[in-house]
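Visitor: Once you've had a glance at the structure underneath, I'll fire off some questions.
The values are calculated or read from the model by the stated rules, or taken from the named source; none is laboratory data. Note that the coordinates shown come from a computational prediction; the quantities given were computed from them, not determined experimentally. Note that each Cβ is placed from the backbone with ideal geometry, even for glycine, and that neighbours are counted across all protein chains shown. Side chains included, ligands, DNA and RNA excluded: accessible areas come from the protein's heavy atoms. Shrake-Rupley method; radii C 1.70, N 1.55, O 1.52, S 1.80 Å.
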Amino acid sequence: MTIVDNGVPLRKICFTGVRGVGKSTLLREIDKEDLDMCFTSGSGILQEMMGDAYSHFEYLPEYKKYVYRLRVRDTLQKIQEQHGKDLLVDSHLTVYNLKTGNIDLIFTHMDYRFYTDIILLDSTPERIYTYRVRDISKKRIIDKELIHKELEFEKQEAMRLSAECGLRLHIIEMNYTATENMMSILRS
């Protein structure tokens, strides 16, 4: 646990939601605000570590993916220690596995001990579908039934992790109050 000079433990916030829910858009909005926090992306760190091989991450054996995830978590710890601030990490609890066709929990046992909070962005399958169809820059699942399953699994896992691991869970509905709600959580 990282603690600042005043004895208050620093927060480590996992900012999550299914692909296409609007995390990047919301992060751009809150980045305009004057928050005394570190913002980073778990995927960005992973991409930096892997270089060109990043595009094949989903096809790696599970044990190799796990090792990379642990290395990302260690890097996050170093970032927070270096800056001495609350840490907001754009990340995922779950992802659709293109290789197996399953929705996988990717939060590791080390993440349970690392994070203090989960902020889950929630939306409707229709809204996610609309975004994914428009964004042709990435290959994404556009089956509405599967999108519904992704949303439900992510929410169930967030609630389970919160209850079992003592993580504070904040659920933000992706609507016109999302930025305001996010700012309220981050400033508290």
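Visitor: Across region 112-140, what is the number of residues that are open to solvent by 20 Å² or more (accessible area, probe 1.4 Å), of a type outside the set (Val, Ile, Thr) and out of contact with any His (no Cβ under 7 Å at 6 or more places or on another chain)? Write out each step before concluding.
Guide: Of region 112-140, the ones open to solvent by 20 Å² or more (accessible area, probe 1.4 Å) are 112-113, 116, 124-127, 129-131, 133-140.
From what's left, of a type outside the set (Val, Ile, Thr): 112-113, 125-127, 129, 131, 134-135, 137-140.
Among the residues that remain, those that are also out of contact with any His (no Cβ under 7 Å at 6 or more places or on another chain) are: 112-113, 126-127, 129, 131, 134-135, 137-140.
Here the count works out to 12.
Visitor: Hey, another quick one. For Arg127, work out the one condition from (1) touching a Leu at 6+ places or on another chain (Cβ under 9 Å); (2) closer than 17 Å to Thr25 by Cα it doesn't fulfil.
Guide: Going through (1) touching a Leu at 6+ places or on another chain (Cβ under 9 Å); (2) closer than 17 Å to Thr25 by Cα one by one, Arg127 breaks only (1).
Visitor: Among Leu98, Leu70, Leu87, which is in a helix (DSSP H, G or I) and among the aliphatic types (A, V, I, L, M)?
Guide: Details: Leu98 fails: in a helix (DSSP H, G or I); Leu87 fails: in a helix (DSSP H, G or I).
Result: Leu70 is the single residue among Leu98, Leu70, Leu87 that is in a helix (DSSP H, G or I) and among the aliphatic types (A, V, I, L, M).
Visitor: Looking only at region 12-26, decide whether some residue is open to solvent by less than 30 Å² (accessible area, probe 1.4 Å), part of a helix (DSSP H, G or I) and touching a helix residue (DSSP H, G or I) at 6+ places or on another chain (Cβ under 7 Å). Show your work before the answer.
Guide: First, pick out the residues of region 12-26 that are open to solvent by less than 30 Å² (accessible area, probe 1.4 Å): 12-18, 20-23, 26.
Going one step further and asking which of them are part of a helix (DSSP H, G or I), we end up with 23, 26.
From the residues that got through so far, the ones that are touching a helix residue (DSSP H, G or I) at 6+ places or on another chain (Cβ under 7 Å) too are 26.
Within region 12-26, one or more residues are open to solvent by less than 30 Å² (accessible area, probe 1.4 Å), part of a helix (DSSP H, G or I) and touching a helix residue (DSSP H, G or I) at 6+ places or on another chain (Cβ under 7 Å).
Visitor: Do the conditions hold for Asp104, that is, is it touching a residue at least 60 places away in the same chain (Cβ under 8 Å) and under 15 Å from Arg19 (Cβ atoms)?
Guide: Details: touching a residue at least 60 places away in the same chain (Cβ under 8 Å): no; under 15 Å from Arg19 (Cβ atoms): yes.
Judged against the criteria, Asp104 is not a match.
Visitor: Tally up the residues in region 170-182 that are open to solvent by 50 Å² or more (accessible area, probe 1.4 Å) and either within 15 Å of the chain's Cα centre (by Cα) or among the acidic types (Asp, Glu) (or both), please.
Guide: Let us first name the residues in region 170-182 that are open to solvent by 50 Å² or more (accessible area, probe 1.4 Å), namely 171, 173, 175-176, 180-181.
Then keep just the ones that are either within 15 Å of the chain's Cα centre (by Cα) or among the acidic types (Asp, Glu) (or both); that gives 171, 173, 180.
Within region 170-182, residues that are open to solvent by 50 Å² or more (accessible area, probe 1.4 Å) and either within 15 Å of the chain's Cα centre (by Cα) or among the acidic types (Asp, Glu) (or both) number 3.
Visitor: Could you say whether any residue in region 49-61 is open to solvent by less than 50 Å² (accessible area, probe 1.4 Å), within 16 Å of the chain's Cα centre (by Cα) and among the charged types (D, E, K, R)?
Guide: no
Visitor: Considering only region 152-169, state which residues are crowded, with 19+ Cβ neighbours inside 10 Å and over 21 Å from Ser188 (Cβ atoms).
Guide: Restricting attention to region 152-169, the residues satisfying the condition of being crowded, with 19+ Cβ neighbours inside 10 Å are 154, 157-158, 161, 167.
Listed by number, the residues that qualify are Glu154, Glu157.
Visitor: Continuing with this model, one more query. Return a yes/no flag: does region 70-80 have any residue that is out of contact with any Pro (no Cβ under 8 Å at 6 or more places or on another chain), crowded, with 21+ Cβ neighbours inside 10 Å and aliphatic (A, V, I, L, M).
Guide: Yes, region 70-80 contains a residue that is out of contact with any Pro (no Cβ under 8 Å at 6 or more places or on another chain), crowded, with 21+ Cβ neighbours inside 10 Å and aliphatic (A, V, I, L, M).
Visitor: Follow-up question, since we're still on this one. Against the definition (of a type in the set (Phe, Trp, Tyr) and within 14 Å of Gly17 (Cα to Cα)), how does Phe153 come out, yes or no?
Guide: So Phe153 passes the test.
Visitor: Identify, by number, the condition in (1) farther than 24 Å from Leu161 by Cα; (2) assigned to a helix (DSSP H, G or I) that Tyr63 doesn't meet.
Guide: Result: Tyr63 fails condition (1) only.
Visitor: Does Glu33 satisfy being farther than 25 Å from Thr100 by Cα, open to solvent by 20 Å² or more (accessible area, probe 1.4 Å), acidic (Asp, Glu) and modelled with pLDDT of 90 or more?
Guide: Working: farther than 25 Å from Thr100 by Cα: yes; open to solvent by 20 Å² or more (accessible area, probe 1.4 Å): yes; acidic (Asp, Glu): yes; modelled with pLDDT of 90 or more: no.
When the stated conditions are applied, Glu33 does not pass them.
Visitor: Among (1) closer than 23 Å to Val8 by Cα; (2) modelled with pLDDT under 90; (3) of a type in the set (Val, Ile, Thr), there is one condition Thr75 misses while meeting the rest; what is its number?
Guide: (2)
Visitor: Can you tell me which residue within region 139-161, out of those that are among the basic types (Lys, Arg) and without any contact (Cβ under 8 Å) to a residue 60 or more places away in the chain, is farthest from Leu26 (Cα to Cα)? Full working, then the answer.
Guide: Looking only at region 139-161, we keep the residues that are among the basic types (Lys, Arg), and these are 139-140, 144, 149, 155, 160.
Going one step further and asking which of them are without any contact (Cβ under 8 Å) to a residue 60 or more places away in the chain, we end up with 139, 144, 149, 155, 160.
Working: Lys139: 21, Lys144: 23, Lys149: 23, Lys155: 18, Arg160: 25 Å.
Among them, the one singled out is Arg160.
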